[in-house]
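Structure first, then comments.
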Amino acid sequence: MAEDMPTEFKNLKLRFLVDGKEIAVIPFHYGEAISTKILPEIKPKSRYSAKWPDYDYSNLTFNETFEAEYDPLVTAIASKQTRGKPARPILIAESSFEKGAVINLSKAETKSKMISVNDQSILESWKVTVNGLHDGNAREIKFRYLAPETSGKIHIWAKKGSGWEEEAYKADGSYLIFTMEPQGVFTVTMQPNIFLKYLVVWIALASLLILIAVFFLMYRRGKLLPVQAYLKKLFKKIGKRS
């Protein structure tokens, strides 16, 4: 059968080019299948991802030439979930991402007892999944988080194994920047503003002291005597009825 094939079907090959230059040739027989694992490696370029065009190598029947495709790496991807007006992404991941990379964000349930910190209340919890990282082995990447408005201090906790660890962050405009695993869960808590908390107490005490001082001055000047007489009569009536 092979002897009866035209010559052009006997010398089939796949050519692979990078920037117009041939870097490899893979010969094959008509109808043969080859594994993508044997495709030549593409020389990397800074800030670019590289790949061969999508192709079905399971039934090769004619010569083909492939040119390496370089795509600029994406440096930031944003969640679909937004907050505020104008609407802004709740979470932004910053790293080097392949074309089409996405960040999936979904609500996560966190029991209050899991984060046992005095005076902190849970605002929200999120499950994060980042797909399309250029470095698939990256252990941590940078995130920008848009917290809900609150008068207290924000704390960010990342799930680590069976426990939680507080993540340090810095503010950049409306966003809080912290690092975490590309796939994980983080919880946001709020600690009431201590100054505001005690300010209310101080105001209440000051008001009470002012009220006591006013009554004392009125008593010294005799302006409370009519009130005292009225109270005595009232108590006498109550005593007679009883």
Checked pairs for region 129-140, first under 14 Å from Val102 (Cα atoms), second assigned to a loop (DSSP other than H, G, I, E, B) and not aromatic (Phe, Trp, Tyr), C-beta under 8 Å and 6 or more apart or across chains, list as Thr129/Pro182; Val130/Pro182; Leu133/Pro182; His134/Leu73
Checked Tyr145, Tyr48, Tyr55 against criteria (outside the structural domain of Glu166 (by the TED database) and under 28 Å from Asp172 (Cβ atoms)); the one match is Tyr48
What is the one condition in (1) of a type outside the set (Ser, Thr, Tyr); (2) over 24 Å from Lys107 (Cα atoms); (3) modelled with pLDDT of 60 or more that Gln228 does not satisfy?
-> (3)
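Residues in region 22-30: is at least one of a type in the set (Ser, Thr, Tyr) and closer than 30 Å to Phe97 by Cβ?
Step one: of region 22-30, the residues of a type in the set (Ser, Thr, Tyr) are 30.
From what is left, the residues that are closer than 30 Å to Phe97 by Cβ are none.
No, because not a single residue in region 22-30 is of a type in the set (Ser, Thr, Tyr) and closer than 30 Å to Phe97 by Cβ.
Going through Tyr70, Tyr55, Tyr30 one at a time, which residue ends up being assigned to a strand (DSSP E or B) and either more than 37 Å from the chain's Cα centre (by Cα) or farther than 30 Å from Trp126 by Cα (or both)?
Values: Tyr55 fails: assigned to a strand (DSSP E or B); Tyr30 fails: assigned to a strand (DSSP E or B).
Of Tyr70, Tyr55, Tyr30, the one residue that is assigned to a strand (DSSP E or B) and either more than 37 Å from the chain's Cα centre (by Cα) or farther than 30 Å from Trp126 by Cα (or both) is Tyr70.
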Could you figure out which of (1) among the small types (Gly, Ala, Ser); (2) surrounded by 12 or more Cβ atoms within 10 Å (Cβ to Cβ); (3) part of a loop (DSSP other than H, G, I, E, B) isn't true of Ala76?
-> (3)
Of all residues in region 35-52, count the ones that are surrounded by fewer than 14 Cβ atoms within 10 Å (Cβ to Cβ), assigned to a loop (DSSP other than H, G, I, E, B) and without any contact (Cβ under 8 Å) to a residue 40 or more places away in the chain.
-> 5
The condition from (1) surrounded by 14 or more Cβ atoms within 10 Å (Cβ to Cβ); (2) assigned by the TED database to the domain that holds Asp19; (3) among the hydrophobic types (A, V, I, L, M, F, W, C) that Phe62 misses is numbered (1)
Filtering region 85-99 down to residues that are under 22 Å from Val188 (Cβ atoms) and buried (at least 20 other Cβ atoms within 10 Å of the Cβ) yields Pro89, Ile90, Leu91, Ala93, Ser95
Which one of these is under 29 Å from the mean Cα position of the chain (by Cα) and at pLDDT 95 or above: Ile90, Ile23, Ile38?
-> Ile90
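The values are calculated or read from the model by the stated rules, or taken from the named source; none is laboratory data. For clarity, every value in this text was computed on a predicted model and none was experimentally measured. Every residue, glycine among them, receives a Cβ derived from its backbone with ideal geometry; neighbour counts consider all protein chains shown.
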